[in-house]
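Here the structure is laid out as C-alpha cells; the discussion comes afterwards.
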Amino acid sequence: MNLNSISDLKANRRVFMMQTVLTTAGIVAAASAQAQALVAENDPQASALGYKADATKVDKAKFPKYAAGQNCANCALFQGAAGAAAGGCPLYAGKQVSAKAWCSAYNKKG
C-alpha cells in the first residue's frame, strides 16, 4: 500500500462518516415531523371528544359547555408555546392540536 492509498482510505472514511451522520439526522427529522402531525377531526379520540380544528365551528347545541373564546391555546392541557400555531396535548399522544381548536375536555388555563 502506498501513501496515496492511505490518504484515499482516510478521505473515503471521512466521506462515509459524514454521509452516515447526515442520513441519520434526516431520518430522525422525518420521524419527528411525522410524530408531530396535527390531529384530524375524524380521528377516533378526537371524534369522541368533539374536537374541532376551528373552535368557532363547535356545535353549541351539542356542546353547551363551549363558550366563545375557548380554544386549545388557552386550555390547561395545551403544551405549545405561547403564540404557537399548534402544540401537544396529552389527550392526543404523538400528535399536535391546533391552537385555534377545541374539544370537550377544555379546561381554562390558570
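Have a look at A73, A55, A93, A61 and point out the one that is in contact with a Phe, Trp or Tyr (Cβ under 9 Å, 6 or more places away or on another chain) and either on the phi > 0 side of the Ramachandran plot or not polar (S, T, N, Q) (or both). Result of the check over A73, A55, A93, A61: A55. Taken over the stretch 78-110, the residue count meeting the criterion of being under 16 Å from D43 (Cβ atoms) and either of a type in the set (F, W, Y) or in a loop (DSSP other than H, G, I, E, B) (or both) is 12.
Every number in this text was worked out from the coordinates using simple rules, so none of it is lab data. Just so you know, these numbers come straight off a predicted model, no measurement behind them. In this analysis, Cβ positions are derived from the backbone assuming ideal geometry, glycine residues included, and neighbour counts consider all displayed protein chains.
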